[in-house]
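**Student:** One structure follows; several queries about it will come next.
The values are calculated or read from the model by the stated rules, or taken from the named source; none is laboratory data. It should be emphasised that the depicted structure is a prediction, and the values quoted were computed from it without experimental measurement. Note that we place each Cβ from the backbone using ideal geometry, even for glycine, and neighbour counts take in every protein chain shown.
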Amino acid sequence: MPVYQLLGGAVRERLYCCNPIFGWQVQEDFARALGYLQRIVDLGHHLYRFYVSGDSALDDRFLNEIKSRFGEWFRLKSIDFSGRFSDWVEGVRYGEVLRHHAPYHFEQPTNDLRLCAQCTQRSDLPVSLHIHNLALGYEAGERGACTAFNIACVSGGPTHVRRIFALAEAAGLRSQISTDQESGVGTAAQVHLGLAMPNLDLPCDPMGPVLYTASTAGKTVRVEASHLYPAPGPGLEVEVDEAKLRAITVASA
């Protein structure tokens, strides 16, 4: 049977997911970063996660340019601060500059839960944090450090993270599946998890089959219009191409 059946059964048929835009690439080559977006639009996708560059004015200009070029083909899933701020005031001000781009949520303004609570209290949008174990989830909820959990399969696997989803539901917090770094095999696991979790409230991040130019998976999930669909069949129904696996394997990492 499919993995989602082992996780309790499917409550949806597909996962709404985004493509990442990296702020450091915007700083490095503004025009090339726009060219990358054109490629994603040409593939029929419209949802994006933006990792800030550290220059709010540059980020605002880039997002304005995207909207003027692509219109309805651009929808902002989240603005990801990647825990960069050590001062909640700075985080709030940065968010205020970009708030008009209407993301679903802000992500990880700081790694300090006390400071993150200050940002969350001052935001009219959900604020999400990466939650990788129950202890962190309890503390984040107790401090009011976020209003949504980012939950990834790499944090112990699907069986473990189901408990984090349950904690979010019990605490009245939103949840989503991160991250965007998985390859074809990892993305398939994320999709099966997402199909089975009833309290999946925000668009998700996995987009490995589009993000990577090389993969060990000969066959993996179907990607269409910013939605991911599981391959039909038992397990994850992913074919691992042994030749591709050897080609991209390194002696050490």
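**Student:** Here are the criteria: (1) in contact (Cβ under 8 Å) with a residue 40 or more places away in the chain; (2) in a loop (DSSP other than H, G, I, E, B); (3) surrounded by fewer than 20 Cβ atoms within 10 Å (Cβ to Cβ). Tell me which single one Pro103 does not satisfy.
**Tutor:** (3)
**Student:** Counting only residues that are within 17 Å of the chain's Cα centre (by Cα) and farther than 19 Å from Val250 by Cβ, which one in the stretch 212-223 is surrounded by the fewest Cβ atoms within 10 Å (Cβ to Cβ)?
**Tutor:** Val223
**Student:** Something else: Output yes when any residue across the stretch 42-60 is surrounded by fewer than 13 Cβ atoms within 10 Å (Cβ to Cβ), more than 17 Å from Ala225 (Cα to Cα) and out of contact with any strand residue (DSSP E or B) (no Cβ under 8 Å at 6 or more places or on another chain), and no when none is.
**Tutor:** Checked the stretch 42-60: at least one residue is surrounded by fewer than 13 Cβ atoms within 10 Å (Cβ to Cβ), more than 17 Å from Ala225 (Cα to Cα) and out of contact with any strand residue (DSSP E or B) (no Cβ under 8 Å at 6 or more places or on another chain).
**Student:** Now a separate question. If Val26 satisfies all but one of (1) assigned to a helix (DSSP H, G or I); (2) surrounded by fewer than 19 Cβ atoms within 10 Å (Cβ to Cβ), what's the number of the condition it fails?
**Tutor:** Here Val26 meets the rest and fails (2).
**Student:** Only residues that are small (Gly, Ala, Ser) and closer than 11 Å to Pro230 by Cα: list them for the stretch 185-204, please.
**Tutor:** Listed by number, the residues that qualify are Ala188, Ala189, Gly194.
**Student:** From the residues in the stretch 123-134 that are under 16 Å from the mean Cα position of the chain (by Cα) and in a loop (DSSP other than H, G, I, E, B), which one is farthest from Tyr94 (Cα to Cα)?
**Tutor:** It comes out as His132.
**Student:** Let me ask something additional. Which residue is farthest from Leu136 (Cα to Cα), if the candidates are limited to the stretch 74-100 and must be among the small types (Gly, Ala, Ser), free of Cβ contacts under 8 Å to residues at least 40 places away in the same chain and not in a helix (DSSP H, G or I)?
**Tutor:** Result: Ser86.
**Student:** Could you pull out the residue among Gly9, Gly71, Gly35 that is surrounded by fewer than 16 Cβ atoms within 10 Å (Cβ to Cβ) and outside any helix (DSSP H, G or I)?
**Tutor:** Gly9
**Student:** Let me ask another. Restricting the stretch 142-180 to residues that are small (Gly, Ala, Ser) and in a loop (DSSP other than H, G, I, E, B), which is surrounded by the fewest Cβ atoms within 10 Å (Cβ to Cβ)?
**Tutor:** By that ranking, first place goes to Gly172.
**Student:** Across the stretch 195-209, which residue is farthest from Ala148 (Cα to Cα) among those that are within 13 Å of the chain's Cα centre (by Cα) and part of a loop (DSSP other than H, G, I, E, B)?
**Tutor:** The selected residue is Met207.
**Student:** Quickly run through the stretch 148-189 and pick out the residues that are of a type in the set (A, V, I, L, M), more than 23 Å from Leu125 (Cβ to Cβ) and touching a strand residue (DSSP E or B) at 6+ places or on another chain (Cβ under 7 Å).
**Tutor:** Val161, Val185 - these are the residues of the stretch 148-189 that are of a type in the set (A, V, I, L, M), more than 23 Å from Leu125 (Cβ to Cβ) and touching a strand residue (DSSP E or B) at 6+ places or on another chain (Cβ under 7 Å).
**Student:** Within the stretch 195-211, is there a residue that is surrounded by fewer than 23 Cβ atoms within 10 Å (Cβ to Cβ), out of contact with any strand residue (DSSP E or B) (no Cβ under 8 Å at 6 or more places or on another chain) and either modelled with pLDDT of 95 or more or closer than 22 Å to Leu47 by Cβ (or both)?
**Tutor:** Yes.
**Student:** Pick out the one residue from Gly141, Gly137 that is under 19 Å from the mean Cα position of the chain (by Cα) and of a type outside the set (Lys, Arg).
**Tutor:** Of the residues listed, the single one that is under 19 Å from the mean Cα position of the chain (by Cα) and of a type outside the set (Lys, Arg) is Gly137.
**Student:** I would also like to ask the following. Answer yes or no as to whether Val185 is more than 15 Å from Leu134 (Cβ to Cβ) and under 15 Å from the mean Cα position of the chain (by Cα).
**Tutor:** So Val185 does not fit the description; no.
**Student:** Determine, yes or no, whether Leu195 is in contact (Cβ under 8 Å) with a residue 60 or more places away in the chain and of a type in the set (A, V, I, L, M, F, W, C).
**Tutor:** The answer is yes for Leu195.
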